[in-house]
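Visitor: Here's a structure for you.
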Amino acid sequence: MGKDRFLVLSWDDLFWDTVELARKIRDTRQHFHILVAIARGGWVVGRILSDMLNIKRVGGITISFYEDIDKRKKEPIILQPLNIDIKNKSIILVDDIADTGKTLQKAKEHIEKLGAADVKTSTLYIKPWCNFIPDFYVKKVDRWVVFPYEYRETIESLISSGYMLEKLVDHGFSRQIIEKVMDNR
C-alpha cells in the first residue's frame, strides 16, 4: 500500500468526530439508560460519548479480534463479558471503528442475550466493506485508522515489520511522536 495506507488521527480529530457522533445520536431523541463500550478501542470514545450524551451508567465488554495491523483472528472472542446489569434497559453500544462489523455484531448479540430491551450500535468510522452497519456512525474510511491512543503499538508494529522513520512520516505520523515513542521503549 502506498502513502494513503493510514489515516493517523489527532486527539482533536477523535474528539470532534465523537462530538459529531453524539449529535447524530441525540438528534434521534432516543433515550439510553446505559452506554456499553467495547474494549479496548471503544473505551475512549465511550467516555467522551457518555459525557456528551449525559449517560452516567457505563459498562464494558472486552472482545479480541485483531492480532496486528490488518491481521485478524478467524472470529471475535469475548474475553470479558459485560460487567453491568442491563436487563430491560435501553443500550447504546460503542466502538471506535467497524471494519468487518463482526466485533460489533458479537457484542450486540451478547447484550441482547442478557435481556436488554433495546440495543443500538455506534462507531466513529466504518469501512466500505463492513457487513454489519452500526445504527450510528460518522464517516466511511478505506484506510487503516491509527487512533491517538494506539500510536505506540502501531509505530512499534510498523518498525518491527521494516518501516523506517521517514516512511512513517510519509504515512502521516508526526516525527515528534515517533521520536517520543522510540525514546520510551
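Here, each number is a calculation from the coordinates, and none is a lab measurement. All values reported here derive from a predicted model rather than from experimental measurement. A quick note on method: Cβ atoms are made from the backbone with ideal geometry, for glycine too, and the neighbour counts reach across all protein chains shown.
Visitor: May I ask you to evaluate 6.51 cos²θ - 1.76 cosθ + 1.60, the Karplus curve with θ = phi - 60°, for each residue of the range 111-117 and list the ³J(HN,Hα) values in order in whole Hz, giving x for glycine and proline?
Guide: 5, 4, 5, 7, x, 4, 6
Visitor: On a 0 to 90° scale, report how tilted helix 151-160 is relative to the longest principal axis of the chain, with both axes built from alpha carbons and the result rounded to the nearest 10.
Guide: For 151-160 against the chain, the angle is about 50 degrees.
Visitor: Under 5 Å between amide H atoms, partner at least 5 residues away or on a different chain: which partners does ILE133 have, H built in plane at 1.01 Å?
Guide: none
Visitor: Per residue of the chain, what 222 nm ellipticity follows from adding -39500 (n - 2.57) for every DSSP H run with n ≥ 4, rounded to the nearest 500?
Guide: -11000 deg cm²/dmol
Visitor: Mind computing the radius of gyration and Dmax over the alpha-carbon atoms of the range 10-143? Å is fine for both.
Guide: 13.7, 38
Visitor: Right, next: Which angle between 0 and 90 degrees, to the nearest 10, do you get for helix 11-27 versus the longest principal axis of the chain when only C-alpha atoms count?
Guide: 20
Visitor: If you don't mind, another one. Any of LYS56/LYS102; LYS24/LYS140; LYS89/LYS140 with alpha carbons more than 18 Å apart? Name them for me.
Guide: Cα-Cα > 18 Å for LYS56/LYS102; LYS89/LYS140; rest within.
Visitor: If you take all C-alpha pairs in the range 1-59, what percent of them are over 17 Å apart?
Guide: 45
Visitor: Another question, if that's okay. For GLY59, what residues show an amide H to amide H distance below 5 Å, using hydrogens built from the backbone and excluding near sequence neighbours?
Guide: LEU35, VAL36, ALA37
Visitor: Using packing as a proxy for protection, rank 20-32, 141-153 so that the peptide with the highest average count of other Cβ atoms within 10 Å comes first.
Guide: Those peptides, ordered most packed to least, come out 141-153, 20-32.
Visitor: Would you kindly state how much longer the chain becomes between VAL141 and HIS31 on full extension, computed as 0.36 nm times their sequence separation minus their alpha carbon distance, in nm to one decimal?
Guide: Separation in residues times 0.36 nm, less the Cα-Cα distance, equals 36.8 nm.
Visitor: Applying the Karplus parametrisation 6.51 cos²θ - 1.76 cosθ + 1.60 with θ = phi - 60° to the phi angles of the range 38-53, what ³J(HN,Hα) value in whole Hz is obtained for each residue in order, glycine and proline being reported as x?
Guide: Rounded to whole hertz, the list is 8, 7, 9, x, x, 4, 5, 4, x, 5, 5, 5, 4, 5, 5, 9.
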